[in-house]
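Accompanying notes for the structure given below.
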Amino acid sequence: MNSSTSSVLPMLSTPEFSPAKTHLPDISIKLASNNYLLWKAQVIPILRGHGLLSYVTNDISCLDSTITGADGTLQPNPAAATWLRTDQLILGWINSFLSDGPFSQVINSESCHNAWSVLETLYGSHT
């Protein structure tokens, strides 16, 4: 994304979620190699209900860390920091509900979208 488009803040479309105030609920089934559909059936409504599904589907992608201010200078983009905190919260939440096998597959994922894509690729086609 270039700095002229990074001033558009898609984050603002989900004002009901605040990483500092929201604790995502526990789910009853950890993902294993044989229960992807059951696991996904628990996770999707929670993410959708908190307005977070667009992070894992990549409809809200990473924002530039800087924006061009009114005076033409580059400035830190506060929405990028909020995006990163939210993304990492979701990634940590997803990781905490994986059994050892699936977790070992996403351990190097740096975003919730990346982890989600790996899980869908590995387990979505099996179930």
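The values are calculated or read from the model by the stated rules, or taken from the named source; none is laboratory data. Owing to the predicted nature of the structure, the values given are computational and were not obtained by experimental measurement. Neighbour counts are summed over all protein chains in view; Cβ atoms, including those assigned to glycine, are modelled from backbone coordinates with ideal geometry.
Of note:
- Whichever residue in the range 59-109 is part of a helix (DSSP H, G or I) and of a type in the set (Val, Ile, Thr) and, among such residues, is nearest to Leu122 (Cα to Cα): Val106
- Of all residues in the range 63-111, those that are more than 19 Å from Leu31 (Cβ to Cβ) and touching a residue at least 60 places away in the same chain (Cβ under 8 Å) total 13.
- Glu120 assigned to a loop (DSSP other than H, G, I, E, B) and either farther than 23 Å from Asn35 by Cα or at pLDDT 90 or above (or both): no
- Looking across the range 20-53, the residues that are hydrophobic (A, V, I, L, M, F, W, C) and either assigned to a loop (DSSP other than H, G, I, E, B) or modelled with pLDDT under 90 (or both) come down to Ala20, Leu24, Ile27, Ile29, Ala32, Leu52.
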